[in-house]
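Colleague: What follows is a structure written as structure tokens; I'll ask about it next.
The values are calculated or read from the model by the stated rules, or taken from the named source; none is laboratory data. Everything quoted here is computed from the prediction, not taken from an experiment. Heads up, the Cβs are rebuilt from the backbone with ideal geometry, glycines too, and the neighbour counts pull from every protein chain shown.
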Amino acid sequence: MKNLLIILAFMPLSLFAQTFLVTPLGLRDAVDTSKVFVVIKIENKSAKQLYDNAIKYINKNYKSPDDVIKGKVDGEYLNFITHAPDFIAIKNSFVKSYFNADYIIELNFKDGKVKYEIKSLDIYNSSNYKLSFCGSGLNFFIYSKNFELKRPDAKSSIENYFNEQIQTLKIALEDNNQENNW
């Protein structure tokens, strides 16, 4: 028992965090790959407080917040679009190819938790070549049609990007008005 506690004490906290995993079928919950969403748990916050903090997050982080919000129900639901220039870089032979992304995030709020789901994700480069999770052909693919990982750099870059976004949003959702204490 003592050894188990020592092991748990040194495990990275990210193992217990809400994270996405890139699979041949797309983004999935890293703990339960049958889910296409993650649940962000925030203790002691009502659905309304979480919703208000998400609106505050969008207002602070987007140039035109009214243009990115595509749907909302006060205290329950929020849908917004993001454009990420230079989303990831993929090494293609000896040249890096930069890809942009457009994606829609849907947040659903309940007391103490937020469901975070990416409803659509379009990844493309300046030549309009798409990056897809799985397939074959002229476009770029992370996995072959046989589910063999072909681009581990793209896989880890996408996971890192979205998992950082989730952590940034989680911090904003936990907002305890500490920046107002100046």
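Colleague: Gly112 - would you say it is without any contact (Cβ under 8 Å) to a residue 40 or more places away in the chain and in contact with a strand residue (DSSP E or B) (Cβ under 7 Å, 6 or more places away or on another chain)?
Modeller: Details: without any contact (Cβ under 8 Å) to a residue 40 or more places away in the chain: no; in contact with a strand residue (DSSP E or B) (Cβ under 7 Å, 6 or more places away or on another chain): yes.
It is false that Gly112 is without any contact (Cβ under 8 Å) to a residue 40 or more places away in the chain and in contact with a strand residue (DSSP E or B) (Cβ under 7 Å, 6 or more places away or on another chain).
Colleague: Are there any pairs, at least 6 apart or on different chains, whose C-beta atoms fall under 6 Å, with the first in the stretch 83-100 and farther than 23 Å from Gln165 by Cα and the second part of a strand (DSSP E or B) and at pLDDT below 95, and if so, which?
Modeller: Listed pairs, sorted by first residue: Lys96/Ala89.
Colleague: Only one residue in Phe147, Phe109, Phe162 is of a type in the set (A, V, I, L, M, F, W, C) and over 17 Å from the mean Cα position of the chain (by Cα). Which one? Let's see the steps before the verdict.
Modeller: Details: Phe109 fails: over 17 Å from the mean Cα position of the chain (by Cα); Phe162 fails: over 17 Å from the mean Cα position of the chain (by Cα).
After ruling out the rest, the residue left standing is Phe147.
Colleague: To continue, here is another question. Does Ile40 fit the bill of being in a strand (DSSP E or B) and modelled with pLDDT of 95 or more? Before you say what the answer is, go through the steps one by one.
Modeller: Working: in a strand (DSSP E or B): yes; modelled with pLDDT of 95 or more: yes.
Criteria met by Ile40.
Colleague: For the stretch 30-63, which positions are among the acidic types (Asp, Glu), without any contact (Cβ under 8 Å) to a residue 40 or more places away in the chain and farther than 15 Å from Leu107 by Cα? Write out each step before concluding.
Modeller: Residues of the stretch 30-63 that are among the acidic types (Asp, Glu), as a first pass: 32, 43, 52.
In the following step, the residues that additionally are without any contact (Cβ under 8 Å) to a residue 40 or more places away in the chain were identified as 32, 52.
Answer for the stretch 30-63, where residues must be among the acidic types (Asp, Glu), without any contact (Cβ under 8 Å) to a residue 40 or more places away in the chain and farther than 15 Å from Leu107 by Cα: just Asp32.
Colleague: Right, next: Assigned to a strand (DSSP E or B) and at pLDDT 95 or above: is that true of Asp86 in this structure? Spell out how you get there, then give the answer.
Modeller: Working: assigned to a strand (DSSP E or B): yes; at pLDDT 95 or above: no.
So Asp86 does not fit the description; no.
Colleague: Also, quick follow-up: Given the criterion surrounded by 15 or more Cβ atoms within 10 Å (Cβ to Cβ) and part of a strand (DSSP E or B), identify the matching residue among Asn53, Asn79.
Modeller: On the way: Asn53 fails: part of a strand (DSSP E or B).
Of Asn53, Asn79, the one residue that is surrounded by 15 or more Cβ atoms within 10 Å (Cβ to Cβ) and part of a strand (DSSP E or B) is Asn79.
Colleague: Okay, moving on. Return yes or no: is Asp111 surrounded by fewer than 16 Cβ atoms within 10 Å (Cβ to Cβ) and either of a type in the set (A, V, I, L, M, F, W, C) or touching a helix residue (DSSP H, G or I) at 6+ places or on another chain (Cβ under 6 Å) (or both)?
Modeller: Values: surrounded by fewer than 16 Cβ atoms within 10 Å (Cβ to Cβ): yes; either of a type in the set (A, V, I, L, M, F, W, C) or touching a helix residue (DSSP H, G or I) at 6+ places or on another chain (Cβ under 6 Å) (or both): yes.
Yes.
Colleague: Return the only residue of Val38, Val31, Val73 being buried (at least 17 other Cβ atoms within 10 Å of the Cβ) and either in contact with a strand residue (DSSP E or B) (Cβ under 7 Å, 6 or more places away or on another chain) or over 16 Å from Lys119 (Cα atoms) (or both). It would help to see each step written out before you state the result.
Modeller: On the way: Val31 fails: buried (at least 17 other Cβ atoms within 10 Å of the Cβ); Val73 fails: buried (at least 17 other Cβ atoms within 10 Å of the Cβ).
Result of the check over Val38, Val31, Val73: Val38.
Colleague: Would you check which residues across the stretch 136-182 are at pLDDT below 90, more than 22 Å from Val39 (Cα to Cα) and in a loop (DSSP other than H, G, I, E, B) and list them?
Modeller: Step one: filter the stretch 136-182 for residues at pLDDT below 90, giving 136-140, 175-182.
Retained after the next criterion (residues that are more than 22 Å from Val39 (Cα to Cα)): 136-140, 177-182.
Scanning the stretch 136-182 gives Ser136, Gly137, Leu138, Asn139, Asn177, Asn181, Trp182.
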